[in-house]
Amino acid sequence: MDASIENDRAAWLEGSSADGSVKCSVVPPERKNPWRLILLGAPGVGKGTQAELLTERLGACHLSTGDVFRAAGKRRDCDQSPAMKAAMQYMRRGELVPDSTVWEMVRERSGCILHCGGFILDGFPRTLAQAESLKALMEKEKISLSAVVNYELPVDEIVRRLSGRRTCENCKSVFHVTERPSKGKGICDRCGGRLYHREDDRPEAITVRLEAYERSTAPLIQFYKNLGLLMPIVAKGSPDEILARTMEKMDKLAAGAA
Ligand code: AMP
(Lines give C-alpha, C1' and ligand atoms only; values in the text may rest on other atoms or scores of the structure.)
Protein backbone atom coordinates (compact mmCIF):
# COMPACT_ATOMS: atom_id res chain seq x y z
CA MET A 1 0.00 0.00 0.00
CA ASP A 2 3.06 2.28 -0.07
CA ALA A 3 2.46 4.99 -2.63
CA SER A 4 4.78 7.82 -1.69
CA ILE A 5 4.24 11.15 -3.50
CA GLU A 6 5.75 14.60 -3.09
CA ASN A 7 2.93 16.88 -4.09
CA ASP A 8 3.24 20.67 -3.77
CA ARG A 9 -0.59 20.91 -3.59
CA ALA A 10 -0.52 24.02 -5.77
CA ALA A 11 -4.06 23.43 -7.06
CA TRP A 12 -5.33 23.20 -3.50
CA LEU A 13 -3.26 25.94 -1.85
CA GLU A 14 -3.43 28.51 -4.64
CA GLY A 15 -6.67 27.46 -6.36
CA SER A 16 -6.98 27.28 -10.11
CA SER A 17 -6.71 30.49 -12.10
CA ALA A 18 -9.59 31.41 -14.40
CA ASP A 19 -8.12 29.30 -17.22
CA GLY A 20 -7.47 26.46 -14.76
CA SER A 21 -3.73 26.79 -15.33
CA VAL A 22 -2.39 26.18 -11.79
CA LYS A 23 -1.02 22.65 -11.81
CA CYS A 24 0.57 20.61 -9.05
CA SER A 25 4.20 19.66 -9.59
CA VAL A 26 3.28 16.00 -9.09
CA VAL A 27 -0.23 14.73 -9.56
CA PRO A 28 -1.24 11.53 -7.74
CA PRO A 29 -1.73 8.65 -10.15
CA GLU A 30 -5.17 7.42 -11.05
CA ARG A 31 -6.32 4.61 -8.76
CA LYS A 32 -9.03 2.00 -9.08
CA ASN A 33 -10.16 2.40 -5.46
CA PRO A 34 -8.75 5.77 -4.36
CA TRP A 35 -8.73 6.54 -0.66
CA ARG A 36 -11.17 9.30 0.20
CA LEU A 37 -10.74 10.06 3.86
CA ILE A 38 -11.84 12.70 6.33
CA LEU A 39 -9.70 13.19 9.41
CA LEU A 40 -11.66 14.37 12.46
CA GLY A 41 -10.41 15.26 15.91
CA ALA A 42 -9.91 18.32 18.10
CA PRO A 43 -7.19 20.80 17.15
CA GLY A 44 -3.86 19.39 18.34
CA VAL A 45 -4.66 15.68 18.14
CA GLY A 46 -2.14 15.45 15.31
CA LYS A 47 -4.43 15.37 12.27
CA GLY A 48 -1.98 17.39 10.16
CA THR A 49 0.93 15.09 10.97
CA GLN A 50 -1.16 12.00 10.31
CA ALA A 51 -2.44 13.52 7.07
CA GLU A 52 1.16 13.94 5.90
CA LEU A 53 2.11 10.40 6.90
CA LEU A 54 -1.03 8.95 5.34
CA THR A 55 -0.37 10.91 2.17
CA GLU A 56 3.04 9.25 1.89
CA ARG A 57 1.50 5.82 2.48
CA LEU A 58 -1.64 6.09 0.42
CA GLY A 59 -0.72 8.58 -2.28
CA ALA A 60 -3.95 10.56 -1.91
CA CYS A 61 -3.68 14.37 -1.67
CA HIS A 62 -3.55 16.13 1.69
CA LEU A 63 -6.26 18.78 1.54
CA SER A 64 -6.19 21.07 4.58
CA THR A 65 -8.50 24.09 4.67
CA GLY A 66 -6.35 25.67 7.42
CA ASP A 67 -3.36 25.54 5.05
CA VAL A 68 -5.37 27.32 2.35
CA PHE A 69 -6.23 30.13 4.78
CA ARG A 70 -2.64 30.42 5.96
CA ALA A 71 -1.37 30.49 2.36
CA ALA A 72 -3.93 33.21 1.54
CA GLY A 73 -2.86 35.16 4.62
CA LYS A 74 0.67 35.43 3.24
CA ARG A 75 -0.45 37.04 -0.01
CA ARG A 76 -0.11 40.77 -0.53
CA ASP A 77 -3.02 42.73 0.93
CA CYS A 78 -4.27 43.80 -2.50
CA ASP A 79 -4.33 40.17 -3.69
CA GLN A 80 -6.75 39.12 -0.95
CA SER A 81 -10.49 39.11 -1.50
CA PRO A 82 -12.63 40.84 1.18
CA ALA A 83 -13.97 37.40 2.21
CA MET A 84 -10.40 36.11 2.66
CA LYS A 85 -9.42 39.19 4.71
CA ALA A 86 -12.41 38.59 6.96
CA ALA A 87 -11.51 34.88 7.20
CA MET A 88 -8.04 35.83 8.47
CA GLN A 89 -9.60 37.78 11.36
CA TYR A 90 -11.68 34.75 12.45
CA MET A 91 -8.63 32.56 12.16
CA ARG A 92 -6.40 34.81 14.27
CA ARG A 93 -8.98 34.73 17.06
CA GLY A 94 -9.18 30.92 16.79
CA GLU A 95 -12.83 31.11 15.69
CA LEU A 96 -14.32 29.16 12.82
CA VAL A 97 -14.51 30.92 9.48
CA PRO A 98 -18.17 31.23 8.31
CA ASP A 99 -19.49 28.20 6.39
CA SER A 100 -20.27 30.25 3.27
CA THR A 101 -16.63 31.42 2.93
CA VAL A 102 -15.25 27.96 3.61
CA TRP A 103 -17.58 26.25 1.17
CA GLU A 104 -16.90 28.84 -1.54
CA MET A 105 -13.17 28.15 -1.16
CA VAL A 106 -13.61 24.36 -1.21
CA ARG A 107 -16.06 24.49 -4.13
CA GLU A 108 -13.51 26.48 -6.16
CA ARG A 109 -11.10 23.60 -5.52
CA SER A 110 -13.59 20.78 -6.07
CA GLY A 111 -11.25 19.40 -8.77
CA CYS A 112 -8.98 18.26 -5.93
CA ILE A 113 -11.85 16.44 -4.24
CA LEU A 114 -13.03 14.79 -7.44
CA HIS A 115 -9.51 13.83 -8.51
CA CYS A 116 -9.06 10.12 -9.24
CA GLY A 117 -6.02 9.90 -6.91
CA GLY A 118 -8.20 10.38 -3.82
CA PHE A 119 -7.92 12.80 -0.89
CA ILE A 120 -7.26 13.14 2.81
CA LEU A 121 -9.36 16.00 4.12
CA ASP A 122 -7.85 17.64 7.21
CA GLY A 123 -9.80 20.37 9.00
CA PHE A 124 -12.82 20.09 6.70
CA PRO A 125 -15.70 19.58 7.24
CA ARG A 126 -15.89 21.30 10.60
CA THR A 127 -19.62 21.89 10.91
CA LEU A 128 -22.73 19.91 10.01
CA ALA A 129 -23.50 22.42 7.24
CA GLN A 130 -20.06 21.83 5.69
CA ALA A 131 -20.51 18.06 6.01
CA GLU A 132 -23.89 18.28 4.25
CA SER A 133 -22.40 20.39 1.43
CA LEU A 134 -19.59 17.89 0.92
CA LYS A 135 -22.03 14.96 0.99
CA ALA A 136 -24.22 16.63 -1.64
CA LEU A 137 -21.21 17.33 -3.90
CA MET A 138 -19.95 13.75 -3.62
CA GLU A 139 -23.39 12.27 -4.22
CA LYS A 140 -23.83 14.45 -7.29
CA GLU A 141 -20.46 13.26 -8.61
CA LYS A 142 -21.19 9.66 -7.60
CA ILE A 143 -18.12 9.24 -5.44
CA SER A 144 -18.10 7.99 -1.87
CA LEU A 145 -16.00 8.34 1.25
CA SER A 146 -13.81 5.41 2.29
CA ALA A 147 -13.87 6.30 6.01
CA VAL A 148 -13.90 9.12 8.54
CA VAL A 149 -10.98 8.70 10.92
CA ASN A 150 -11.69 10.21 14.34
CA TYR A 151 -8.56 10.84 16.41
CA GLU A 152 -9.34 10.81 20.15
CA LEU A 153 -7.22 12.44 22.88
CA PRO A 154 -7.85 13.92 26.40
CA VAL A 155 -8.02 17.75 26.58
CA ASP A 156 -4.94 18.29 28.81
CA GLU A 157 -2.82 16.34 26.32
CA ILE A 158 -4.24 18.44 23.47
CA VAL A 159 -3.28 21.73 25.17
CA ARG A 160 0.26 20.44 25.78
CA ARG A 161 0.64 19.40 22.17
CA LEU A 162 -0.70 22.65 20.72
CA SER A 163 1.37 24.97 22.86
CA GLY A 164 4.60 23.12 21.91
CA ARG A 165 3.79 22.79 18.23
CA ARG A 166 6.04 24.46 15.65
CA THR A 167 5.20 24.62 11.95
CA CYS A 168 7.46 25.12 8.95
CA GLU A 169 6.52 28.36 7.21
CA ASN A 170 7.63 26.89 3.91
CA CYS A 171 6.52 23.23 3.58
CA LYS A 172 4.08 23.21 6.57
CA SER A 173 5.75 20.21 8.24
CA VAL A 174 4.84 20.02 11.91
CA PHE A 175 7.27 19.56 14.81
CA HIS A 176 6.98 19.69 18.61
CA VAL A 177 9.52 21.31 20.91
CA THR A 178 9.82 18.19 23.07
CA GLU A 179 7.98 15.31 21.32
CA ARG A 180 9.12 15.77 17.75
CA PRO A 181 11.95 18.32 17.80
CA SER A 182 13.66 19.31 14.58
CA LYS A 183 17.36 18.44 14.28
CA GLY A 184 18.40 22.09 13.87
CA LYS A 185 16.78 24.50 16.35
CA GLY A 186 13.98 26.43 14.62
CA ILE A 187 14.81 24.88 11.23
CA CYS A 188 12.68 22.40 9.30
CA ASP A 189 14.32 18.98 8.78
CA ARG A 190 12.52 18.50 5.50
CA CYS A 191 13.15 21.73 3.59
CA GLY A 192 15.33 23.97 5.81
CA GLY A 193 12.48 26.49 6.23
CA ARG A 194 11.94 28.54 9.39
CA LEU A 195 9.75 26.99 12.10
CA TYR A 196 7.20 29.28 13.71
CA HIS A 197 4.62 29.21 16.49
CA ARG A 198 1.23 29.61 14.82
CA GLU A 199 -0.70 32.61 16.09
CA ASP A 200 -3.70 30.36 16.79
CA ASP A 201 -1.52 27.91 18.77
CA ARG A 202 -1.07 30.52 21.52
CA PRO A 203 -2.94 29.91 24.81
CA GLU A 204 -5.78 32.47 24.31
CA ALA A 205 -6.63 31.10 20.88
CA ILE A 206 -6.31 27.46 21.96
CA THR A 207 -9.20 27.84 24.44
CA VAL A 208 -11.40 29.45 21.77
CA ARG A 209 -10.55 26.73 19.26
CA LEU A 210 -11.35 23.91 21.67
CA GLU A 211 -14.71 25.52 22.48
CA ALA A 212 -15.47 25.92 18.76
CA TYR A 213 -14.59 22.26 18.28
CA GLU A 214 -16.93 21.06 21.02
CA ARG A 215 -19.77 23.26 19.79
CA SER A 216 -19.51 22.81 16.03
CA THR A 217 -17.29 19.90 15.09
CA ALA A 218 -17.93 17.23 17.73
CA PRO A 219 -21.51 16.67 16.35
CA LEU A 220 -19.89 15.42 13.13
CA ILE A 221 -18.81 12.29 15.00
CA GLN A 222 -22.45 11.22 15.35
CA PHE A 223 -23.22 12.33 11.79
CA TYR A 224 -20.58 10.03 10.31
CA LYS A 225 -21.31 7.26 12.82
CA ASN A 226 -24.88 7.23 11.55
CA LEU A 227 -23.52 6.87 8.01
CA GLY A 228 -21.45 3.86 9.12
CA LEU A 229 -18.18 5.61 8.21
CA LEU A 230 -16.62 6.41 11.58
CA MET A 231 -13.22 4.87 12.39
CA PRO A 232 -12.15 5.87 15.96
CA ILE A 233 -8.40 5.88 16.63
CA VAL A 234 -6.68 6.56 19.97
CA ALA A 235 -4.27 9.44 19.24
CA LYS A 236 -1.82 8.73 22.11
CA GLY A 237 1.83 7.96 21.48
CA SER A 238 4.26 8.92 18.73
CA PRO A 239 3.13 9.86 15.21
CA ASP A 240 4.41 6.50 13.94
CA GLU A 241 2.45 4.60 16.57
CA ILE A 242 -0.73 6.47 15.69
CA LEU A 243 -0.09 5.86 12.00
CA ALA A 244 0.39 2.13 12.64
CA ARG A 245 -2.93 2.04 14.52
CA THR A 246 -4.63 3.86 11.65
CA MET A 247 -3.11 1.67 8.94
CA GLU A 248 -4.12 -1.49 10.77
CA LYS A 249 -7.77 -0.44 10.58
CA MET A 250 -7.42 0.81 7.01
CA ASP A 251 -5.85 -2.46 5.90
CA LYS A 252 -8.83 -4.30 7.39
CA LEU A 253 -11.19 -1.93 5.60
CA ALA A 254 -9.37 -2.40 2.28
CA ALA A 255 -9.38 -6.19 2.75
CA GLY A 256 -13.12 -6.11 3.40
CA ALA A 257 -13.74 -4.00 0.30
CA ALA A 258 -11.59 -6.18 -1.98
P1 AMP B 1 -6.49 24.23 11.20
O2 AMP B 1 -5.13 24.39 10.63
O3 AMP B 1 -7.29 23.16 10.52
O4 AMP B 1 -6.50 24.09 12.69
O5 AMP B 1 -7.27 25.59 10.88
C6 AMP B 1 -6.83 26.82 11.37
C7 AMP B 1 -7.98 27.81 11.42
O8 AMP B 1 -8.50 28.01 10.08
C9 AMP B 1 -9.18 27.38 12.24
O10 AMP B 1 -9.01 27.67 13.62
C11 AMP B 1 -10.28 28.22 11.60
O12 AMP B 1 -10.20 29.57 12.00
C13 AMP B 1 -9.90 28.17 10.13
N14 AMP B 1 -10.53 27.00 9.46
C15 AMP B 1 -9.85 26.00 8.83
N16 AMP B 1 -10.70 25.11 8.31
C17 AMP B 1 -11.94 25.54 8.62
C18 AMP B 1 -13.25 25.03 8.38
N19 AMP B 1 -13.45 23.89 7.72
N20 AMP B 1 -14.30 25.75 8.86
C21 AMP B 1 -14.12 26.91 9.53
N22 AMP B 1 -12.92 27.43 9.80
C23 AMP B 1 -11.83 26.76 9.35
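The values are calculated or read from the model by the stated rules, or taken from the named source; none is laboratory data. Treat the numbers as computed from the prediction; the structure is a model and nothing was measured. Virtual Cβ from ideal backbone geometry, glycine too; neighbours counted across all protein chains shown. Ligands, DNA and RNA are excluded from the accessible area calculation, which covers all protein heavy atoms including side chains. Shrake-Rupley method; radii C 1.70, N 1.55, O 1.52, S 1.80 Å.
Any of Lys23/Lys140; Lys23/Lys225; Lys85/Lys249; Lys185/Lys252 with alpha carbons more than 29 Å apart? Name them for me.
Lys23/Lys225; Lys85/Lys249; Lys185/Lys252
Name the long-range amide H neighbours of Ile187: under 5 Å, sequence gap of 5 or more, or other chain; modelled H, no Pro or chain starts.
Placed amide hydrogens put Leu195 under 5 Å from Ile187.
If you plug each phi of region 85-100 into the Karplus form 6.51 cos²θ - 1.76 cosθ + 1.60 with θ = phi - 60°, what whole-Hz ³J(HN,Hα) values come out, in order, with x for Gly and Pro?
Rounded to whole hertz, the list is 4, 5, 4, 4, 5, 4, 4, 4, 7, x, 8, 6, 6, x, 3, 4.
Which whole number in µm²/s is D for region 154-201 by Stokes-Einstein, with the Kirkwood Rh taken over Cα pairs at 37 °C and 0.692 mPa s?
In µm²/s, the coefficient is 306.
Relative contact order for the chain: what percent, with Cα pairs under 8 Å and sequence separation of 6 or more?
Once divided by the residue count of the chain, the mean separation gives 24 percent.
Which order do peptides 57-68, 112-123 fall in by mean Cβ count within 10 Å, highest first?
Going by the mean number of other Cβ atoms within 10 Å, highest first, we get 57-68, 112-123.
Would you mind working out the accessible area per residue for region 154-201, using a 1.4 Å probe, and quoting it in Å²?
Computed with neighbouring chains in place, this is 55 Å² per residue.
Which Cys in the chain stand alone, with every other cysteine's Cβ at 4.7 Å or more from theirs?
Within the chain, the cysteines lacking a partner Cβ under 4.7 Å are Cys24, Cys61, Cys78, Cys112, Cys116.
Hey, got a sec? Which GluC sites (Glu not before Pro) in region 104-148 land in a DSSP loop and have at most 11 other Cβ atoms within 10 Å?
Sparse-neighbourhood loop GluC sites (Glu not before Pro): Glu141.
Please compute the contact order of region 154-201 in relative form: average sequence separation of alpha-carbon pairs under 8 Å and at least six residues apart, divided by the residue count, as a percent.
Dividing the mean separation by the residue count of region 154-201 yields 37 percent.
Where both partners of a DSSP beta bridge lie in the chain, what percent of those bridges are antiparallel, to the nearest 5?
So the antiparallel bridges amount to about 30 percent of the total.
From the P(r) of the chain, could you give the percentage of C-alpha pairs in the tail past 24 Å?
46
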